[in-house]
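Student: Dumping the structure here so I can ask a few things about it.
The values are calculated or read from the model by the stated rules, or taken from the named source; none is laboratory data. No experiment lies behind these values; they were computed from the predicted model shown. Virtual Cβ from ideal backbone geometry, glycine too; neighbours counted across all protein chains shown.
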Amino acid sequence: MASVNRRVLPGFSLTLGYTVFYLSILVLIPITACFFKAASLSFQEFWHAVWTERARAAYLLTFGAAFVAAIVNLFLGLLLAWVLVRYTFPGKKLVDSLVDLPLALPTAVGGLVYSSLYVQKGWLGQYLVPLGIQGAYSRFAIVLVLVFVGLPFVVRTVQPILEDFDPEAEEASASLGGTRWQTFRNIILPTLYPALITGFALAFARGVGEYGSVVFVSGNMPYKTEIAPILIVARLEEFAYGEATAIAVVLLIISFSMLVLINLLERWSMRYEH
Amino acid sequence: MSILIKNVSKTFGNFVALDRVSLEVPDRVLLALLGPSGSGKTTLLRIIAGLEVADSGNVLYQKEDITDQSARDRKVGFVFQHYALFRHMTVAENIGYGLRVRKTPKAKIRQRVGELLKLIRLEGLQARYPGQLSGGQRQRVALARALAAEPRVLLLDEPFGALDAKVRQDLRQWLRRLHEEIHVSSIFVTHDQEEAFEVADRVVVMNEGRIEQIGTPEQVYDHPATPFVYNFLGNVNLFQSRVVNGKARIGSLEMEVPEGTHPEGQAVMYVRPHLLDIEQQATGADHFRARVKHINRTGPLVKIELMTEWGDFVNVEMSQERFRHLGLKSDLEVFVKPREVRVFSATGRA
């Protein structure tokens, strides 16, 4: 016997093999293909494709709207998780299952519903548009649908942590003289940071990648309400495949570096665990 | 700070946790609430701390009625069984928390934290997180945190329950010495009689939401007030007997019932193992016959198990010298003479 297997559960090499295999097929190979396709352009062509004024506006809108929506979801999700964990009320089960709806619903449906609600003649639009609130065909509309599709993430990451929260820590804070707000701010919130950051990252990533609903609500006006994925589709329709992939590569790089950043932030927030 | 508890009751659904409990805790005393789980001791402690609200009754500190004060305003130090340290804060931040939320100047907090670190002998560990400490260290940090804001009373819920035997022993003695140093009125909850007797000035035995007995460790151990206390303190022989004309009888044994307790009829006799004498010869009627069944000679005392003439098992303890003198062997028939008994009527109290 050359080696002795000391693990309790067998199958490490098998499971790792599968993991690598699927990761390759599902993630690595498509991404590599994307890079190769983009590499067919010269640097000049590449730069020209990805750094136009229209493209820059689209990047800014894509990441900006996703960021704003994720921030909104951060607070909204925390509030929802708090209410669902801390209180009992009639219909709680229903509310709890409604949270997952944006995941199950085709986002195009969400986009259609939002746009028809907020257009000038829609149920809500007829009151909001006269007030100057454009809930359809505007940047605000994009943020609105991204809040919708990203809603479940923060709720679902924070909820279990809040459920496991040790009530004694809260009592300890109170007996030491902490007010409710001090207890929330100093004791409860910091233990939720890792979950909040994870939920934020998921909602943000979802927002960056969202296409189906945004197409319907944004109006897709170049420089104004055109997100980067729509720009890619526009390039594809012009049969400019190389340019389209070039934009995709830029999106990929920005997304990846943001996720790395968020990961670092998450690690920092868990520095007391080891 | 003296604490007065007046007629406090508390129910959880159908479960009566506390039933009209009254208790006075004098200033500077270290008091143990002793009882089995479900006896209401922790509930009482939490009501004193303000973490639980009594259904009825009052809690007073000194002479101030604080029944309606929240935990925040009571200025108590509470130590939780599982420490309840703030995991995301360092040792120093944990200890200083009570001062920080009360808006104490930073320099003052630093100074006080330093003092307390010295007191709990954890200097140099102030930058650690609770997850990096041992159980005993965590418990001491929890104690320092509770003491930081100079509480009026210190309340400890099973403070050593989650620690292993050796650490528990050290911490008990340390708590005793600490109490002598800082002199803050302290109440701690325990189900371990040895712990209560070793640490406390005063012991309160609780059962089913009521107080069974209050006294010094000696009073409680030597003169248990009720059958429950006798049983709970362990190591006692029970004889089902009959009391007729002030004399308790069982088998050939006939004993005067101690003065003032005359439960005529069915009664239970309580005798501690070290208060039973074994003799080879019969003398008088205050003894019974028994047969030696098992002998355990380990430890300072010899523990002997005997079968009585009426078929019960009885435990006797004696010194090694006495054992050698008697020359006891398995299956030997001997006479057992109780030196001191307590008789309670079979249905209730003495």
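Student: Quick check, is B:Arg46 charged (D, E, K, R) and surrounded by fewer than 22 Cβ atoms within 10 Å (Cβ to Cβ)? Break it down stepwise before answering.
Tutor: Values: charged (D, E, K, R): yes; surrounded by fewer than 22 Cβ atoms within 10 Å (Cβ to Cβ): no.
No.
Student: So, one more: Collect the residues in the stretch A:212-232 that are in a helix (DSSP H, G or I) and under 13 Å from A:Leu251 (Cβ atoms), keeping them in residue-number order. Let's see the steps before the verdict.
Tutor: The first filter runs over the stretch A:212-232 and keeps only residues in a helix (DSSP H, G or I), leaving A:212-218, A:228-232.
Answer for the stretch A:212-232, where residues must be in a helix (DSSP H, G or I) and under 13 Å from A:Leu251 (Cβ atoms): A:Ala228, A:Pro229, A:Ile230, A:Leu231, A:Ile232.
Student: Next question. Counting only residues that are under 21 Å from A:Arg206 (Cα atoms) and in contact with a helix residue (DSSP H, G or I) (Cβ under 7 Å, 6 or more places away or on another chain), how many does the stretch A:85-105 have?
Tutor: Count: 5.
Student: In this structure, does B:Glu194 turn out to be surrounded by 18 or more Cβ atoms within 10 Å (Cβ to Cβ) and either in contact (Cβ under 8 Å) with a residue 12 or more places away in the chain or of a type in the set (D, E, K, R) (or both)?
Tutor: It is false that B:Glu194 is surrounded by 18 or more Cβ atoms within 10 Å (Cβ to Cβ) and either in contact (Cβ under 8 Å) with a residue 12 or more places away in the chain or of a type in the set (D, E, K, R) (or both).
Student: Right, another one. From the set of residues in the stretch B:151-166 that are away from chain A (no Cβ under 11 Å) and acidic (Asp, Glu), which is surrounded by the most Cβ atoms within 10 Å (Cβ to Cβ)?
Tutor: B:Glu158
Student: Which ranges mark the helices (runs of 4 or more DSSP H) fully within the stretch B:97-194 that have 3 or more residues being closer than 20 Å to A:Ala174 by Cβ?
Tutor: On the way: elements: B:106-119, B:135-148, B:165-182.
Qualifying helices (runs of 4 or more DSSP H): B:135-148.
Student: Moving on. Kindly provide the set of residues from the stretch B:81-103 that are more than 9 Å from every other protein chain (Cβ to nearest Cβ) and without any contact (Cβ under 8 Å) to a residue 12 or more places away in the chain, ordered by number.
Tutor: Once the filter is applied, which keeps residues that are more than 9 Å from every other protein chain (Cβ to nearest Cβ) and without any contact (Cβ under 8 Å) to a residue 12 or more places away in the chain, the stretch B:81-103 yields B:Glu93, B:Lys103.
Student: Filter the stretch B:77-101 for residues that are in contact with a helix residue (DSSP H, G or I) (Cβ under 6 Å, 6 or more places away or on another chain) and among the β-branched types (Val, Ile, Thr); which is nearest to A:Arg271 (Cα to Cα)?
Tutor: By that ranking, first place goes to B:Val91.
Student: Then there is this: Would you pick out the residues in the stretch A:176-194 that are more than 8 Å from chain B (Cβ to nearest Cβ), closer than 27 Å to B:Leu154 by Cβ and not charged (D, E, K, R)?
Tutor: Hits for the stretch A:176-194 are A:Trp181, A:Thr183, A:Phe184, A:Ile188.
Student: Please determine, by comparing only the residues of the stretch B:113-134 that are surrounded by fewer than 19 Cβ atoms within 10 Å (Cβ to Cβ) and touching a residue at least 40 places away in the same chain (Cβ under 8 Å), which one is nearest to the other protein chains (Cβ to nearest Cβ).
Tutor: Step by step, filter the stretch B:113-134, then rank; the result is B:Gly131.
Student: Where in the stretch B:247-350 are the strands (runs of 3 or more DSSP E), entirely inside, with at least 3 residues that are out of contact with any Lys or Arg (no Cβ under 8 Å at 6 or more places or on another chain) and modelled with pLDDT under 85? Talk me through it step by step, then tell me what you get.
Tutor: On the way: elements: B:247-250, B:253-256, B:265-271, B:276-279, B:288-296, B:301-308, B:313-319, B:333-338, B:342-345.
Result: B:342-345.
Student: What about B:Val184, is it away from chain A (no Cβ under 14 Å) and at pLDDT below 90? Show your work before the answer.
Tutor: Details: away from chain A (no Cβ under 14 Å): yes; at pLDDT below 90: yes.
Here the answer is yes, as B:Val184 does meet what is asked.
Student: Now for a different question. For residues that are at the interface with another protein chain (Cβ under 8 Å from one of its Cβ atoms) and touching a residue at least 40 places away in the same chain (Cβ under 8 Å), tally how many sit in the stretch B:38-80.
Tutor: Residues in the stretch B:38-80 being at the interface with another protein chain (Cβ under 8 Å from one of its Cβ atoms) and touching a residue at least 40 places away in the same chain (Cβ under 8 Å): 7 in total.
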